[in-house]
Amino acid sequence: MKIGILLTGRSPEALQDEFGDYDGFFRRFLDGRGFEFETYEALDGILPNSPNDADGWLITGSRHGAYEDHDWIPPLEEFLRAIYETGAPIFGVCFGHQILAQALGGVVEKFEKGWSVGPQTYESSLFGTQTMVAWHQDQVVERPKDARVLGSSDFCENAIIYYGNKALTILPHPEFGSAFMTGLWETRGDF
């Protein structure tokens, strides 16, 4: 199965040599499961020619907000809507979670109560109680009409969203390890 990775952000430059970029995190995380990967640098305006260029799609995290005025965001949203219409599976993490919701009519905002950083406990009908690492301030505050909440935390009502058999998106980062989180804190932890 070919997975198209839509790269929407990069890890901090100071951590690149040790950890690589966000697409590499997912390649390592999903290694040994029979997937083939191709990365498209969406944040540089590079998108696939067609939503059929991969069997499934993964949208990475980013330091950018889905609501920010970047030239690459509207074409990405248009491409995500096209994928969604084909029914190809989509998985989004953090920014990926937010940008898909926004592309499909939801609302994303900078959360007025601040940041969620580090281990967070999520309640989900899919996996019960689970602790995962978070690093975000932005949240989906209004879900698209097809979206259903699958998991929440005390801090984030819409932390895990599913769209029937078309998409699953999550706000936490299952791809981040503790060493990277420490490095992220040291490079981007000045809130």
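The values are calculated or read from the model by the stated rules, or taken from the named source; none is laboratory data. These numbers come from a predicted model, not from an experiment. All Cβ positions, even for glycine, are placed from backbone atoms using ideal geometry, and neighbour counts span all protein chains on display. Surface areas here come from the heavy atoms of the whole protein model, side chains and all, with no ligands, DNA or RNA. Shrake-Rupley method; radii C 1.70, N 1.55, O 1.52, S 1.80 Å.
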For PHE26, work out the one condition from (1) in a helix (DSSP H, G or I); (2) over 18 Å from ALA82 (Cα atoms); (3) open to solvent by 10 Å² or more (accessible area, probe 1.4 Å) it doesn't fulfil. (3)
For the subset of the stretch 99-136 comprising residues that are in contact with a Pro (Cβ under 7 Å, 6 or more places away or on another chain) and at pLDDT below 80, which member is most open to solvent (accessible area, probe 1.4 Å)? THR131
If GLY34 passes every condition in (1) open to solvent by less than 80 Å² (accessible area, probe 1.4 Å); (2) without any contact (Cβ under 8 Å) to a residue 60 or more places away in the chain; (3) of a type outside the set (D, E, K, R); (4) closer than 18 Å to PHE95 by Cβ but one, which one does it miss? (4)
Selection within the stretch 1-22 - surrounded by fewer than 22 Cβ atoms within 10 Å (Cβ to Cβ), assigned to a helix (DSSP H, G or I) and either in contact (Cβ under 8 Å) with a residue 40 or more places away in the chain or out of contact with any helix residue (DSSP H, G or I) (no Cβ under 9 Å at 6 or more places or on another chain) (or both): ALA14, LEU15, GLN16, ASP17, GLU18, PHE19
Is there any pair with a first residue in the stretch 138-158 that is touching a residue at least 60 places away in the same chain (Cβ under 8 Å) and a second that is surrounded by 15 or more Cβ atoms within 10 Å (Cβ to Cβ) whose Cβ atoms are under 6 Å apart and which are 6 or more apart or on different chains, and what are they? ASP138/GLY65; ASP138/GLN98; ASP138/VAL108
Restricting attention to the stretch 160-173, the residues that are touching a helix residue (DSSP H, G or I) at 6+ places or on another chain (Cβ under 7 Å) and either surrounded by fewer than 21 Cβ atoms within 10 Å (Cβ to Cβ) or assigned to a strand (DSSP E or B) (or both) number exactly 5
Matching residues in the stretch 37-50 (open to solvent by less than 80 Å² (accessible area, probe 1.4 Å) and either among the charged types (D, E, K, R) or part of a strand (DSSP E or B) (or both)) number 5
